Amino acid sequence: MILVTGSPGNIGTPLAQHLLRQGRKIRLMVRNPKKQDQVVADLQSHGAEIVQGDFADPKSLPHCFTGAESAFLLVPVAQETAEWKGNFVRIAEQNGVKRIVNLSVSGASSTTPIDLFRMHWEAEQTLESSGIAWTHLQPTDLARFNIRSILPTVEEQGAFYSSIGQGRVALVDEEDVAEVAAATLTENGHEGNKYVLTGPKAMSYPEIADALAKKLGKAVKYVDIDPAQAKKAMIAAGLPGWVADFINDLRELEKSGGASGPTGDIQRLLGRAPRSLEASIDAVFA
Ligand SMILES: NC(=O)c1ccc[n+]([C@@H]2O[C@H](COP(=O)([O-])OP(=O)(O)OC[C@H]3O[C@@H](n4cnc5c(N)ncnc54)[C@H](OP(=O)(O)O)[C@@H]3O)[C@@H](O)[C@H]2O)c1
């Protein structure tokens with residue numbers, strides 16, 4: 001039995017779908033099963049067990065692990081990242097889990113200027129010092145998620161805005177991350193490894209604008225704005241202030257070439273090239 005957290009979600013959903021297609025027994029840890037989420041209902045109808053568990057409530061976690069040999073650990077973007085992952089690892093170990101595949105982030109390190117990335121690094125340390133076999137997956141920015149987040153202004157104004165300047169990033173497709181997660185959860189030989197998951201090519205935002213323009217058959221431009229303007233726009237769009245600060249810090253890091261890729265890890269792990277940005281754009285509009 002594999003316990004899967006983070007589903008429904010950008011990565012958790014395709015991961016659960018992959019594992020079910022492989023005939024694996026999986027259990028989804030869902031914060032609020034009463035929410036009647038359609039994605040969860042579909043996964044359940046294909047054989048996934050559902051269990052209630054909330055990272056913010058450690059007492060809700062032990063029963064999630066009953067009979068589970070391995071777990072996929074993904075917490076949402078949260079200021080409690082290190083604490084939630086730490087609790088999960090401790091309780092998993094107490095309940096006999098043998099393997100955890102940990103969804104971290106490209107650029108996680110002790111010296112990163114980005115608080116969220118340092119928390120992911122702290123969680124990596126906690127897992128590594130547990131008795132559980134570990135694998136860390138470190139994706140760059142997710143392609144479909146990032147494309148969807150700029151679509152509203154692309155559709156309304158033919159433009160999107162950020163503070164990345166001429167920075168480049170090899171956005172990684174969520175399906176590729178999910179396929180790697182499925183492989184590392186089910187194959188031997190990945191214990192004690194860290195994989196940096198990226199798309200095939202680091203692209204600038206003007207290049208991403210060109211790819212969207214080609215798909216949409218209309219002009220799309222990237223407009224560079226300063227971080228203060230970007231923060232204001234993100235808050236107006238409903239993001240919490242700390243998430244807006246995190247995104248600005250990330251764009252600053254990517255501007256200087258940090259945490260951007262590409263790496264060859266997906267090619268090595270899956271025996272094929274990672275999906276291109278154009279393929280991710282096609283998937284968003286499919
Ligand atoms: N976005 C990126 O570009 C990117 C890149 C690299 C790494 N990452 C990392 O990836 C992770 C996010 O992955 P994602 O985008 O796949 O997440 P996501 O789509 O936001 O899904 C998060 C999942 O976590 C669940 N959840 C929220 N709060 C919970 C709680 N207290 N207890 C249990 N479950 C809870 C959500 O369920 P509900 O429906 O109940 O909210 C949802 O199922 C973060 O750790 C982030 O740092 C993201």
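The values are calculated or read from the model by the stated rules, or taken from the named source; none is laboratory data. Because the structure is predicted, anything quoted here is derived from the model rather than measured. Cβ sites come from the backbone with ideal geometry, for glycine too, and all protein chains shown count toward neighbours.
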Kindly indicate which of Phe117, Phe65, Phe72 is buried (at least 16 other Cβ atoms within 10 Å of the Cβ) and over 16 Å from the mean Cα position of the chain (by Cα).
Phe65
Out of everything in region 146-169 that is more than 12 Å from the ligand (Cβ to nearest atom) and under 20 Å from Pro200 (Cβ atoms), what residue ends up being surrounded by the fewest Cβ atoms within 10 Å (Cβ to Cβ)?
Gln166
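Give the residue that is farthest from Asn10 (Cα to Cα), with candidates limited to residues of region 77-95 that are of a type in the set (A, V, I, L, M, F, W, C) and either within 9 Å of the ligand (Cβ to nearest atom) or free of Cβ contacts under 8 Å to residues at least 24 places away in the same chain (or both).
Looking at the filtered set, the residue picked out is Trp84.
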Total residues in region 127-145, condition buried (at least 19 other Cβ atoms within 10 Å of the Cβ) and outside any loop (DSSP other than H, G, I, E, B)
10
Tell me the residue from Ala259, Ala273, Ala279 that is of a type in the set (A, V, I, L, M), at pLDDT 95 or above, closer than 21 Å to Pro200 by Cα and assigned to a loop (DSSP other than H, G, I, E, B), please.
Ala273
All but one of (1) small (Gly, Ala, Ser); (2) at negative phi; (3) surrounded by fewer than 16 Cβ atoms within 10 Å (Cβ to Cβ) hold for Gly192, so report the exception by its number.
(2)
Out of all the residues in region 56-76, which are part of a loop (DSSP other than H, G, I, E, B), more than 14 Å from the ligand (Cβ to nearest atom) and touching a strand residue (DSSP E or B) at 6+ places or on another chain (Cβ under 8 Å)?
Ala68, Glu69
Answer yes or no: is there a residue in region 90-103 that is closer than 21 Å to Leu197 by Cβ, part of a loop (DSSP other than H, G, I, E, B), of a type in the set (A, V, I, L, M, F, W, C) and under 17 Å from the mean Cα position of the chain (by Cα).
no
Single match in Ala211, Ala202 (criterion: surrounded by fewer than 24 Cβ atoms within 10 Å (Cβ to Cβ), under 25 Å from Phe285 (Cβ atoms), touching a helix residue (DSSP H, G or I) at 6+ places or on another chain (Cβ under 6 Å) and of a type in the set (A, V, I, L, M))
Ala211
Residue among Ala133, Ala108 that is away from the ligand (no atom under 11 Å from the Cβ) and either touching a residue at least 40 places away in the same chain (Cβ under 8 Å) or among the aliphatic types (A, V, I, L, M) (or both):
Ala133
Looking at (1) farther than 25 Å from Asp282 by Cβ; (2) of a type outside the set (Lys, Arg); (3) touching a residue at least 12 places away in the same chain (Cβ under 8 Å), which one does Ser260 not meet, given that it meets all the others?
(1)
